[in-house]
Amino acid sequence: MKICTFDLETIADKSKIPFLPEVKANGTLKNQAKIDADIEKKQQEQINKMALTPATAMICVFGWHDGKESHSILLEDESPEAERDLLIKAWKELKKAEHFVTFNGIGYDVPVLLMRSLLARVKPSIKISTKKYVIANHTDVRAVLGNWDTYAKGTLDYYMKLLLGRTSKNEMSGDMVQDAWDLGLGADIAKYCEDDCQGSFDLYDLMVQFYL
């Protein structure tokens with residue numbers, strides 16, 4: 001059975017900023033400068049959260065592990081055309097697999113992949129199961145290790161340290177992706193994504209001997 005472990009790194013799709021709901025200042029503020037500052041702060045918080053929401057999270061890296069080594073596709077620029085090209089290539093790779101492995105893929109990666117494909121009008125090449133409590137053609141490592149509890153504690157780094165004796169962080173973490181992208185460090189984000197794919201694959205390879 002050909003297994004594909006995949007992971008996404010996302011940034012804010014700034015073209016969707018006009019679609020964000022209007023923010024209002026705290027009603028207790030009277031000073032105009034403080035009102036403006038409060039609105040600006042809330043608008044920035046909105047933008048910061050965009051990369052975590054499927055409809056507003058542009059995929060900047062698609063990474064995968066083919067059972068031997070990790071690979072990645074890096075977004076060329078922040079245009080819709082560039083993301084569409086990335087999605088076409090991603091689905092081409094996914095079509096080669098029979099079983100998919102993710103870490104929190106049910107809750108995040110697959111929904112993002114599908115929503116971004118819908119927005120770009122890129123038809124998925126294969127259906128990746130997101131059913132809870134059932135392992136069809138997709139194993140979500142986090143879901144299995146957390147006993148399908150959506151709120152269970154346990155990041156990829158936590159489980160890698162606990163079960164594999166190594167970290168997934170190195171010099172980057174997920175909350176650094178947007179800043180790294182803005183600084184032009186796309187290659188570093190791609191390497192980080194590939195390392196996460198390797199970690200997820202290794203966890204699955206170990207876990208399958210005991211859980212599945």
Check: Can you tell me which of Lys96, Lys127, Lys123, Lys92 is touching a residue at least 40 places away in the same chain (Cβ under 8 Å), surrounded by fewer than 15 Cβ atoms within 10 Å (Cβ to Cβ), under 30 Å from Glu76 (Cβ atoms) and not polar (S, T, N, Q)?
Finding: Lys96
Notebook entry, point to check: Got at least one residue in region 92-109 being touching a strand residue (DSSP E or B) at 6+ places or on another chain (Cβ under 6 Å), under 27 Å from Leu183 (Cα atoms) and among the hydroxyl-bearing types (Ser, Thr, Tyr)?
Noted result: no
Checklist line | Breaking point among (1) under 21 Å from Ile73 (Cβ atoms); (2) among the β-branched types (Val, Ile, Thr); (3) assigned to a helix (DSSP H, G or I); (4) out of contact with any Ser or Thr (no Cβ under 8 Å at 6 or more places or on another chain), for Val112 | finding: (4)
Item checked: Selection status of Ile17, loosely packed, with under 14 Cβ neighbours inside 10 Å, at pLDDT 85 or above and outside any strand (DSSP E or B) -> yes
Checklist line | In region 131-146, the residues that are assigned to a loop (DSSP other than H, G, I, E, B) and β-branched (Val, Ile, Thr) | finding: Val134, Ile135
Next item on the list: Could you please let me know if Asp188 is within 17 Å of the chain's Cα centre (by Cα), farther than 20 Å from Ile11 by Cα, surrounded by 14 or more Cβ atoms within 10 Å (Cβ to Cβ) and free of Cβ contacts under 8 Å to residues at least 40 places away in the same chain?
Entry: no
Check: Can you name every residue in region 35-55 that is under 22 Å from Lys89 (Cβ atoms) and either in contact with a Lys or Arg (Cβ under 8 Å, 6 or more places away or on another chain) or part of a strand (DSSP E or B) (or both)?
Finding: Pro54, Ala55
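The values are calculated or read from the model by the stated rules, or taken from the named source; none is laboratory data. Fair warning: this is a prediction, and the values are worked out from it, not measured in the lab. Cβ: placed from backbone, ideal geometry, glycine included. Neighbour counts: every protein chain shown.
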